1. Summarise the accessible area of region 2-103 (1.4 Å probe, protein heavy atoms) by the percent that is carbon and sulfur.
2. Can you give me the long-range amide H partners of residue 78? Hydrogens built in the peptide plane at 1.01 Å from N, cutoff under 5 Å, separation of 5 or more residues or another chain.
3. For the chain, modelled as a Gaussian network with Cα springs under 10 Å, which listed residue fluctuates most, 82, 159, 128?
4. Have a look at 139, 171, 58 and tell me which one the Gaussian network model of the chain (Cα, springs below 10 Å) gives the largest fluctuation.
5. What residue among 174, 105, 46 has the largest mean-square fluctuation in a Gaussian network model of the chain, using Cα springs under 10 Å?
6. Once you keep just the Cα pairs under 8 angstrom separated by 6 or more residues, what percentage relative contact order results for the chain?
7. Which label marks the calculated value of Cα extents along the principal axes in Å, given the options (1) 80, 35, 28; (2) 48, 36, 35; (3) 76, 32, 26?
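The values are calculated or read from the model by the stated rules, or taken from the named source; none is laboratory data. No experiment lies behind these values; they were computed from the predicted model shown. Ligands, DNA and RNA are excluded from the accessible area calculation, which covers all protein heavy atoms including side chains. Shrake-Rupley method; radii C 1.70, N 1.55, O 1.52, S 1.80 Å.
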Amino acid sequence: MRVLLIDDLPERAALVEQGLSDAAIVHTANQVHGRALLDLIAEIQPDVIIVDCYSPGRDSIESLRTVAQNNPKPIVMFVEEENPSGFQQAIDAGVSAYVVDGLTPKRVKPVIDVAIARFKVMDGLRTELKKTKDDLAARKVIEKAKGMLMHKRGMTEDEAFAAMRTMSQERGSPMKDIAENVISILGLLEG
């Protein structure tokens with residue numbers, strides 16, 4: 001396992017490295033943000049990111065949000081002091097595990113394992129949600145195209161669907177693309 005540890009205190013970084021000595025290759029960096037963080041992640045390709053800080057600031061949270069959006073990874077955040085609003089901001093930014101005042105070598109690996117498992121579940125849900133949204137959007141376009149064919153060409157619903165399905169198969173294009181073409185062409189002819 002490859003771990004990117006972002007920490008500005010060598011003593012804390014040593015605790016994490018000690019906890020992962022048998023389980024991971026740890027790459028340590030000082031506090032990095034924004035584009036520099038994305039570049040470092042692209043270079044190292046970590047399996048998990050650990051952020052250890054006294055109190056996460058706005059820059060840290062925004063950097064984690066950028067990572068979650070551009071190159072999602074399990075993110076573990078160890079903080080020294082409890083902060084309910086900071087906790088919620090970190091979770092909203094994509095942090096998989098937020099641990100308050102609990103950095104000991106023997107806790108590091110179990111926390112990372114939980115974070116990875118949680119990340120996989122959430123990533124699966126995000127993927128499923130995106131697919132569902134895409135399917136719904138495609139269905140709306142197909143229904144609109146069928147309605148236009150029924151209205152403009154006097155087809156039944158089954159005939160309109162069959163015509164688009166046949167065209168989809170003949171051209172090797174998804175039904176959504178065929179439906180979009182039908183809408184464009186019929187709209188052009190109408191206008």
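1. C and S fraction of accessible area: 46 percent.
2. 51, 52, 53, 99
3. Most flexible of the set in this elastic network: 159.
4. 171
5. Most flexible of the set in this elastic network: 174.
6. Values: 239 pairs, mean separation 32.3, N = 191.
Relative contact order comes out at 17 percent.
7. Recomputing Cα extents along the principal axes in Å here gives the entry labelled (3).
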